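Presented below is the structure to which this report refers.
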Amino acid sequence: MNYFFGHESIERETGLKKSTKAALMSALVLPGAGHLLLKRYASAAIFGGFSLWAIYYITTSVMDRAYSIVEKMQSGGHPMDIAAMTQMMANQAGVPDEQYLSIATTGFILCWVVAVIDAYRVGSQRDKTSRMFY
């Protein structure tokens with residue numbers, strides 16, 4: 001039994017190595033969640049913080065666009081159908097926030113990929129270290 005790192009029981013219960021579990025948590029829950037499992041709190045805060053900020057920015061930008069379209073449709077007498085909404089969204093393509101929205105989306109995707117890869121890398125190092133103490 002490995003009491004030094006304390007995760008042999010986790011491996012036995014789930015059948016997953018620490019590296020795999022950390023990578024899956026970062027991939028499926030939130031970037032940085034795997035780092036919390038590995039007790040890498042600074043990395044978890046950086047990945048998680050950036051990801052949450054990007055999700056917030058993307059969500060508020062999309063909702064602002066949707067609300068402005070709804071207001072135009074309610075006040076301007078535009079028909080309330082899918083084709084009209086689609087056309088109005090296409091006409092809003094040149095809004096100033098579009099570049100920032102694109103940067104936030106790209107940054108979020110890159111952060112997610114890097115968090116998964118880094119969680120797996122750090123977890124693999126911990127797996128190797130824990131095997132040395134058997």
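The values are calculated or read from the model by the stated rules, or taken from the named source; none is laboratory data. None of the values given here were measured: they were computed from a predicted structure. Cβ sites come from the backbone with ideal geometry, for glycine too, and all protein chains shown count toward neighbours.
Just checking, which of A83, A54, A44 is on the phi < 0 side of the Ramachandran plot, exposed (fewer than 12 other Cβ atoms within 10 Å of the Cβ) and either part of a helix (DSSP H, G or I) or modelled with pLDDT of 85 or more (or both)? I'd like the intermediate steps shown before the answer.
Numbers: A54 fails: exposed (fewer than 12 other Cβ atoms within 10 Å of the Cβ); A44 fails: exposed (fewer than 12 other Cβ atoms within 10 Å of the Cβ).
Step by step, each of A83, A54, A44 is checked, and only A83 is on the phi < 0 side of the Ramachandran plot, exposed (fewer than 12 other Cβ atoms within 10 Å of the Cβ) and either part of a helix (DSSP H, G or I) or modelled with pLDDT of 85 or more (or both).
Among the numbered criteria (1) aliphatic (A, V, I, L, M); (2) within 23 Å of W112 (Cα to Cα); (3) surrounded by 16 or more Cβ atoms within 10 Å (Cβ to Cβ), which one does M73 miss?
Against the list (1) aliphatic (A, V, I, L, M); (2) within 23 Å of W112 (Cα to Cα); (3) surrounded by 16 or more Cβ atoms within 10 Å (Cβ to Cβ), M73 comes up short only on (2).
Do you know which residues across the range 19-41 are outside any helix (DSSP H, G or I) and more than 16 Å from L110 (Cα to Cα)?
Applying the first criterion (outside any helix (DSSP H, G or I)) to the range 19-41 yields 29-32, 38-40.
If the condition is that a residue be outside any helix (DSSP H, G or I) and more than 16 Å from L110 (Cα to Cα), then L38, K39, R40 are the ones that fit.
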